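The values are calculated or read from the model by the stated rules, or taken from the named source; none is laboratory data. Please read all numbers here as calculations on a predicted model, not as lab measurements. No Cβ is skipped: glycine too gets one built from the backbone with ideal geometry, and neighbour counts run over all protein chains shown. Remember, those area values only see protein heavy atoms, side chains included, never the ligands or the DNA or RNA. Shrake-Rupley method; radii C 1.70, N 1.55, O 1.52, S 1.80 Å.
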Amino acid sequence: MVKRLAGLLHGVIVEDILGQEDISITGIAADSRKVTPGCIFVAVPGTAVDGHEYIGKAIAAGAAAVVCERLPEDTKRGNATYIKVSSSAVALGYIASQWYGNPSRKLQLLGVTGTNGKTTVATLLYHMARFMGEKAGLISTVANYIGDVRIEADHTTPDAITVNRLLSEMVEAGCTFAAMEVSSHACAQHRIAGLHFSGGIFTNLTRDHLDYHKTVDEYLKAKKSFFDILPSSAWALTNVDDKTGLVMLQNSRAARRTYSLRGIADFKGRIVESRIDGTLLDLNGHEIETLFTGRFNAYNLTAVYGASILVGWDREEVEVSLSRLTPVAGRFQPFRSNSGVTAIVDYAHTPDAIINVLDTIRALIGDSHSIIAVTGAGGDRDKGKRPIMAREAALRADRLILTSDNPRSERPEDIIADMDAGLDETLRMRTLAIVDRRQAIRTAVMLAKPGDVVVVLGKGHETYELIQGQKLHFDDCEEVQAALATIG
């Protein structure tokens, strides 16, 4: 593929150009190691690495043009054209969109953002589209899909080049619809710049990723920036039961729509009956039997219902399809032993998500049976939430086991100690610390009696454990099933 530089810069706010603008470009790269002769190299400042430091390597590899925020001292080297911009990250988004032929404008692209529920809502919308007869794509934490072809995912929201490549492949495969998780990191790092969204959905906002955003206000601003870039032709659907729900839409040009379980909204959900294996849900006056459990899932399904109607799908078909949807892997995923012990694997890794899961289970089983919870906290991430997570889990579970959960470069013992700091003596009396996650899960199952529920939190769909630079296979679902098999 060869494109003209001037065409690739469409939509980019250029401050200065040094060199020839009327040149051919044979590729696009934001990593100097991926530069090939004739490429345009975009130097993006990152949290760990600044692309400007690799301009020389890009030129040596044959880059024909360089996009940067700071011009290098030697702009004559390699006869490359230099394009100075205020934000290389934003420029990369527009250039990537142009390179791949603006694929986001060739399908109906919905973005889902919020602290909890992004994966579930995006994934269910992907399945809804397929139920409606559309060929659909998905970009999510668990996996990316082009039609029914699964592609493993490394990030919740990939970089701008990868996103546009995936969307382009969806268009080429005949997709007419795509759902995409939009993370706060992606918003802050402008990975979605240049994309055209037909609609946006906000789930909720609670504490998370403060290791990166530093404050809740900055975290909120990152999420809100997604709605700020939505065009006037799009719609924005927000959860008005969340205190920041309407804040998200304050500056949005999109048509504003709301959903709620508590008050007046465009799309109103109400839990009629809740069980461990499903919920009877009333949506805008129509009762629907679903296979999902918990108030948090009632919110997710109400968002999916609202978005489906806004997309333009037939209401009756949407209601039938909602009853056919199944839970997303690692999201309140139940397993049961022959002896009557239930285990649930869930991705909950924030205080609010832990509260939602454990409160849901308590409401279902009452006080006649016990909840045994297993949880940890990720290493090299927001340390401030660790004691809060442990305290909220200990307050709601009858027994709590603190364990390892992707410790990365930290010692799991130190992470557990941080979590333990949130417990008082009474809570510590019913808390164990077992560093080995496999042993922690097996211990929880052994402690359970018929009717009890073991809840394994934190990793959900993940099939690995990150320890000191190593990515080792570890699957909570596999471990839970193996442990349940030992008790019959």
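Of the numbered criteria (1) in contact with an Asp or Glu (Cβ under 8 Å, 6 or more places away or on another chain); (2) open to solvent by less than 20 Å² (accessible area, probe 1.4 Å); (3) of a type in the set (D, E, K, R), the one K223 fails is (1). Selection of segment 417-441 for residues being in contact with a strand residue (DSSP E or B) (Cβ under 7 Å, 6 or more places away or on another chain) and farther than 25 Å from T486 by Cβ yields M419, D420, L423. Taking segment 442-471 as the range and being β-branched (V, I, T), within 14 Å of G376 (Cα to Cα) and touching a strand residue (DSSP E or B) at 6+ places or on another chain (Cβ under 6 Å) as the test, the residues that pass are V455, V456.
Of all residues in segment 273-295, those satisfying the criterion of being out of contact with any helix residue (DSSP H, G or I) (no Cβ under 8 Å at 6 or more places or on another chain) and among the acidic types (D, E) are E273, D277, D282, E287. All conditions but one from (1) open to solvent by 20 Å² or more (accessible area, probe 1.4 Å); (2) more than 30 Å from N297 (Cβ to Cβ); (3) within 28 Å of the chain's Cα centre (by Cα) apply to N116; the one that does not is (2). The residues in segment 48-82 that are over 33 Å from the mean Cα position of the chain (by Cα), of a type outside the set (D, E, K, R) and outside any helix (DSSP H, G or I) can be counted, and the count is 11. Counting the residues of segment 153-181 that are at pLDDT 95 or above, in a loop (DSSP other than H, G, I, E, B) and either open to solvent by less than 30 Å² (accessible area, probe 1.4 Å) or hydroxyl-bearing (S, T, Y) (or both) gives 2. Annotation: of all residues in segment 83-95 being assigned to a strand (DSSP E or B) and open to solvent by less than 20 Å² (accessible area, probe 1.4 Å), the one that is nearest to R4 (Cα to Cα) is I83.
Screening A397 against (1) under 24 Å from the mean Cα position of the chain (by Cα); (2) within 19 Å of R437 (Cβ to Cβ); (3) not hydroxyl-bearing (S, T, Y) leaves a single unmet condition, (1).
Within segment 138-152, the residues that satisfy the criterion of being buried (at least 18 other Cβ atoms within 10 Å of the Cβ) and either without any contact (Cβ under 8 Å) to a residue 40 or more places away in the chain or of a type in the set (A, V, I, L, M) (or both) are L138, I139, V142, N144, Y145, I146.
Looking across segment 311-343, the residues that are open to solvent by 50 Å² or more (accessible area, probe 1.4 Å), among the basic types (K, R) and either at pLDDT 95 or above or in contact with an Asp or Glu (Cβ under 9 Å, 6 or more places away or on another chain) (or both) come down to R315, R324. Listed here are the helices (runs of 4 or more DSSP H) enclosed by segment 344-456 that have at least 2 residues being at pLDDT below 95 and open to solvent by 10 Å² or more (accessible area, probe 1.4 Å): 351-365.
Considering (1) under 17 Å from the mean Cα position of the chain (by Cα); (2) within 22 Å of G460 (Cα to Cα); (3) open to solvent by 20 Å² or more (accessible area, probe 1.4 Å), the lone condition that A188 does not fulfil carries the number (2). Taking (1) under 29 Å from T360 (Cα atoms); (2) in contact with a strand residue (DSSP E or B) (Cβ under 6 Å, 6 or more places away or on another chain) in turn, S274 satisfies each apart from (2). Give all pairs with beta carbons closer than 7 Å in which a residue from segment 277-306 that is on the phi > 0 side of the Ramachandran plot and at pLDDT below 95 meets a residue that is in a loop (DSSP other than H, G, I, E, B) and crowded, with 17+ Cβ neighbours inside 10 Å; count only pairs at least 6 apart in sequence or on separate chains. So the pair list comes out as G278/F292; G278/T293; G294/F332.
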